[in-house]
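The values are calculated or read from the model by the stated rules, or taken from the named source; none is laboratory data. A quick note: this is a predicted structure, and the numbers were derived from the prediction, not measured. Cβ: placed from backbone, ideal geometry, glycine included. Neighbour counts: every protein chain shown. With ligands, DNA and RNA removed, areas are computed over all heavy atoms of the protein, side chains included. Shrake-Rupley method; radii C 1.70, N 1.55, O 1.52, S 1.80 Å.
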Amino acid sequence: MGAQLRVYKRRIKSISATKKITKAMEMIAASRVVKAQRHVAASTPYASELTRAVSAVATGSTTQHPLTTEAENPTRAALLLITSDRGLAGGYSANVIKAAEQATKALTAQGKEVDTYIVGRKGVAYYGFREFKVTESWTGFTDNPTYADAKKIAGPLIEAVQKATSEGGVDELHIVYTEFVSMLTQTPVEHRLLPLSMEKAAEETAAKDVIAPLYEFEPSAEEVLDALLPRYVESRIYNALLQAAASKHAATRRAMKSATDNAEELIKSLTRLANAARQADITQEISEIVGGASALADASAGSD
């Protein structure tokens, strides 16, 4: 039983070391998610107001702009998928990848060819392992994205929307990311960024009880749209990156807390087994001592 007790002690020591690591990672993720929440809260009003401004320009003019006008027969769409660079976050990346696959199937069922753009090493690895075609990818900044990162991503996407489909362009731009709802809830979502949905923008404005003003555009509505729409795409992608980062940190915190709790339960279980093994060793030693004493007493009585 002594050997078994040593095995239990080694396992308890190893699991205790792992518990320290998971606890530290949980605390780090908790601090990061608070910071990420602040960034999301700061970026969301700007993105919402910019969307309202773009929709106001689009609805307040008769300009047929390529970024606000839907194609009669769309045949090609771009899909931007935002995953994580790191793991240890439970099913975070797996869930958003699953949502992207469902969106791809839905677009394909509509007769559209899908060009996939990916953010994050997890998504790149998943698509690369399955040899799925990826138009372009970006990695290395998902934990702490900046506006410069969003601008870098938005550039080729806007260029693809502005091109004709015969030249490799797309008719629509969709984005799939994980929306941060709360510390306990993060939901994979899919949105169409371009062409801008006038109905959805009007609903958002009506929900805020905002009276739509009248606009005069200088030098022209088309030039105003040319200036506003890239900012709209960049702000929406930036907000999605921040939402995804906050969701990832929350998922990591939850996963590490679960791992820490499991380690504690396992340590308790192994401690009970170690105590039982120790008691068995003590009982065996006592039995051996008593047996030896009895044998000695019997031998002494026989000699007398």
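List of remarks:
- Out-of-range pairs (alpha-carbon distance over 22 Å; input 105/152; 35/98; 98/248; 23/122; 35/248; 9/268): 105/152; 35/98; 23/122
- Contour minus Cα-Cα distance for residue 18 and residue 94 (0.36 nm per residue): 24.9 nm
- Our helix-only sum for the chain, with -39,500 (n - 2.57) per DSSP H run of n ≥ 4 divided by its residues, gives a mean residue ellipticity at 222 nm of -23000 deg cm²/dmol.
- At an R0 of 22 angstrom, the distance between the Cβ atoms of residue 31 and residue 146 translates into a FRET efficiency of 0.70.
- Computed over the chain, the ratio Rg/Rh where both radii use C-alpha atoms and Rh is Kirkwood: 1.32
- A simple charge model with +1 on the Cβ of Lys and Arg, -1 on the Cβ of Asp and Glu and nothing else charged puts the dipole of region 1-43 at about 260 debye relative to its Cα centre.
- When a 1.4 Å probe is rolled over the protein heavy atoms, the share of accessible surface on the chain that falls to carbon and sulfur comes to 54 percent.
- Treating r as the C-beta distance of residue 285 and residue 136 and R0 as 45 Å, the FRET efficiency rounds to 0.05.
- DSSP loop chymotrypsin sites (Phe, Trp or Tyr not before Pro) with at most 14 other Cβ within 10 Å excluded, longest remaining stretch of the chain: 1-131
- Rounded accessible area per residue of region 1-59, 1.4 Å, Å²: 61
- The label point for residue 3 and the one for residue 293, both projected 7 Å from the Cα toward the Cβ, are 3.0 nm apart.
- Kyte-Doolittle mean at least -1.0 and Cα axial length at least 20 Å: DSSP H helices in the chain: 2-59, 92-109, 147-162, 221-303
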